[in-house]
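Coordinate-derived values only; no laboratory data. Note that the structure is predicted; figures quoted are calculated from it, not measured. Please note: Cβ atoms are built from the backbone with ideal geometry, for glycine as well, and neighbour counts cover all protein chains shown.
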Amino acid sequence: MKIGIHDLEVATSHYVLDLDTLAEQHDIDPNKFRIGLGQDKFSMPAPDEDIVTMAAEAAQTLLERHDVSKIRQVYFATESSVDQSKAAGVYLHELLGLPANVRSIELKQACYSGTAALQLAINAIARNPEEQILVITSDVARYALDSGGEPTQGAGSVAMLISADPNLVEIEPGSGLHTTDVNDFWRPNDSTTPFVDGQLSLDAYLAATTAAWDDLAARRELSVDDIHRFLHHQPFTKMARKQLAAMAEHTGCELSDDLIEESMSYNRALGNTYTASLYFALTAQLHNNAELAGKRLGFFSYGSGAVAEFFTGVVQDNYRDHIYPQNVAKQLDNRVELTYDEYRELHESFAATSETFTTSKTTNAPFRLSGVTERQRRYEAQ
Ligand code: COA
């Protein structure tokens, strides 16, 4: 039985900052960001947006095409959670009007947990093939002002419907796995922005993804020639190029950047979307390449801390009938560009507080955070 990604949709935030603006204000050559990091812009949420509102928008667009009565589970993967106890998927469940007979949970392991959610969903469907599972990846990457990570901020969600007989990508059995305890990037409970050892995070990423490749290559006797296109977690898109170069050196095979080029267009414009980044890379590859039917994709998932997984999927024959690039274009084009001063003010005004506040209406998205009362987050449809 084939099990995999049946359909997917994306959403991002109301605002965007052009990295040329940041470069100009910080007196940095814009090519450091555009070429050195491979990034053009980053998304930034309005005060009435967060991981839940973006996820609900992506999921609503997705579910308009499907029978929600088949959904039995919601797995919400994030590392920018809005509550230490309640799963973000429960808010989403209410906003979308999903059936009550659903299991809703949240998963965390930095940028990796979307892949954990996907694999758990596949295992669950192997047991109950008639059911479908909604997997959400949704994150806001907010780094400290004037820090090294500042140009690699971002925000976005990918909602995926996982089922038997998928329309888009069959995920093949067998993964390469690697876990190692490393403090390359972490966010303690009392901090709204992460701590990151930038160079260590790059080294840890390369070491863990290569080790995950080795694990799968040994288990499935896989060679790089068996992979038609590689997809990566892209904290900045240059990281995919670095990883491919490391793989070429590691395996002794020539690996051209053509193997990853089509996967980077959305992440260049979104910035780091943490758990969603790998799945934005998948979305871009499916949208930008019309010749993928029957071809195998290799997925490199990485979450600092660190966990990595390498797995593969086969693109289904009629995938072009089930993709909606116009929806992504709308999400990217509708963003409102921030000036540098507006960006600074918005960044400084963010506070992870549960004291009562009301947000001013900014976003045009279908769902918004209206505020907090009695220490409870309040969301509304609009
Ligand atoms: N034109 C073209 N390229 C330029 C340039 C210019 N004018 N100036 C610099 N560059 C290149 C550098 O050569 C470098 O490329 P390389 O890595 O291929 O050598 C790249 O731009 C970045 O320059 P660097 O000096 O290393 O930047 P930095 O010290 O500001 O740090 C990061 C970059 C990525 C380490 C930093 O942005 C960061 O910490 N980001 C967060 C990473 C993260 O989130 N990790 C966790 C998840 S994996």
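Taking a ≥ b ≥ c as the square roots of the Cα gyration tensor eigenvalues, with a/c under 1.5 meaning rounded and otherwise prolate when a/b beats b/c, else oblate, which class fits segment 90-222? Note, shape of segment 90-222 comes out oblate.
Given an 8 Å cut-off on Cα distances and at least 6 residues of separation, report the relative contact order of the chain as a percent.
Working: 901 pairs, mean separation 94.8, N = 382.
Relative contact order of the chain: 25 percent.
Protection proxy ranking, highest mean first, for peptides 278-285, 45-52: 278-285, 45-52, where packing is the per-residue count of other beta-carbon atoms within 10 Å, averaged. Relative to the Cα centre, the charge distribution of segment 321-362, modelled as +1 at Lys and Arg Cβ and -1 at Asp and Glu Cβ, gives a dipole magnitude of about 160 debye. What's log10 of I(q)/I(0) for segment 172-320 at q = 0.10, 0.13, 0.17 Å⁻¹, Debye sum over Cα points only, no solvent? Each listed q maps to, in turn, -0.33, -0.56, -0.96.
Compute the length gained on full extension between Thr251 and Asp190: take 0.36 nm times their separation in residues and subtract their Cα-Cα distance, giving the result in nm to one decimal.
My answer for the length gained is 17.8 nm.
For Lys330, a cut-off of 20 angstrom between C-alpha atoms picks up these aspartates and glutamates, skipping any fewer than 8 places away in its own chain: Asp7, Glu9, Asp18, Asp40, Asp48, Glu49, Asp50, Glu57, Glu64, Asp139, Glu262, Asp321. Structure remark: mean-square fluctuation, Gaussian network model of the chain, C-alpha springs under 10 Å; the largest value among Ala248, Ala211, Ala55 belongs to Ala248.
Relative protection proxy for 250-259, 10-19, from highest mean packing down: 10-19, 250-259 (other beta-carbon atoms within 10 angstrom).
Packing, taken as the mean count of other beta carbons within 10 Å per residue, orders the peptides 365-372, 316-323 from highest to lowest as 365-372, 316-323. Under 24 Å of direct C-alpha separation, and excluding same-chain neighbours fewer than eight residues apart, Lys2 reaches these lysines: Lys70, Lys295. Taken along its three principal axes, the alpha carbon spread of the chain comes to 56, 53, 39 Å, from the longest extent down to the shortest.
Note on Met160, Met247: ascending count of other Cβ atoms within 10 Å places them as Met247, Met160, the fewest first.
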